[in-house]
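**Student:** Following this message is one structure expressed as structure tokens.
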Amino acid sequence: MFNSSEMITRQEICSLSMVRRVAAMLDIDPDIFAEGQSLPRGWQFLLMGADTCRSSLRSDGFPGLGVPMPDLGLPRLLLGGRSVKFSSEIPIGAKVLRTSSIKGLTQKTTDAGPMAVVTLAHELRLDLQSQPALVETQTYLLLSQQSRSSDDKNAEAAASISADRTAVVVPDDTLLFQFSALGFNSHKIHIDKIYARDVEGFPDLVVNGGLATLLLTEFIRKELNVDLVGFKTRHVAPLFCGRPMTLAAQRNGDEWVLKVFNDKNRLAVEMEVNI
């Protein structure tokens, strides 16, 4: 286990222009937003884009989210999960202090080869406030290069989806590009189809884990009318560009459990929501 004492601090601005662009990407009227309104919970990815110099990017193009990601000789990187806790609102137009660090790094050997688990921690703090408005922890898997087949088009579909509420989204390459650009994420599996297919072995561009999370938080905000206090996500399988993904919400007492299923009705993302 590795614990880094290095912390990277950046001042960000929750700018109205960027918020409007996120709205446009989500097909929401950008003009309904104005300075002083609260940033919708789930849109904080805007404030976590890295400013890693191009010469310092990983070979797969991933810049890290606020922290340069170590390579360790492991060329493949996938999101494993994240947890987010909201403590206060972030006003549109506000100055925000982002503090990011690598909290842990564990290396191990598995049947598939060497791998590492990297944990990043981020705090977003409003100017002059002592307590963070938001704390987010992200877990990434660094994997060795190996041949793989991620196309399950010949696999049998799983059982039908049972949930209280569902919605179907088909992420296209324009949506992946816009989300990657807004978050300044140059990971090639999201923007370079040839790289995704020929180097990583995927059948198509991979849907950003952060984009899948954003679509879930938007589903919560607009369809379930739930105020988020926090959530945890677990990513168990990739989602691919141009293939339908089903968002499903199941109420369990006072809690909601949300899931994303791929076009074969197989679980790809699971989210536990605190309200």
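**Student:** Where residues in the stretch 33-62 are part of a loop (DSSP other than H, G, I, E, B) and among the hydroxyl-bearing types (Ser, Thr, Tyr), which of them is surrounded by the fewest Cβ atoms within 10 Å (Cβ to Cβ)?
**Tutor:** SER59
**Student:** Something else about it: Determine the pairs where a residue that is without any contact (Cβ under 8 Å) to a residue 12 or more places away in the chain and polar (S, T, N, Q), located within the stretch 95-114, has a partner that is surrounded by 11 or more Cβ atoms within 10 Å (Cβ to Cβ) and part of a loop (DSSP other than H, G, I, E, B) with Cβ atoms under 9 Å apart, the partner being 6 or more residues away or on another chain.
**Tutor:** Short answer, once both residue conditions are applied: none.
Quick grid of which residues meet (1) within 23 Å of VAL229 (Cα to Cα); (2) assigned to a loop (DSSP other than H, G, I, E, B); (3) among the polar types (S, T, N, Q):
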{"position": "ASP31", "(1), (2), (3)": "no, no, no"}
{"position": "GLY64", "(1), (2), (3)": "no, yes, no"}
{"position": "GLY81", "(1), (2), (3)": "yes, no, no"}
{"position": "SER88", "(1), (2), (3)": "yes, yes, yes"}
{"position": "LEU97", "(1), (2), (3)": "yes, no, no"}
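All of the numbers you see were taken from the coordinates with simple rules; none came from a lab. This is a predicted model, so every value here is computed, not measured. Cβ atoms come from the backbone with ideal geometry, glycine included; neighbour counts cover every protein chain shown.
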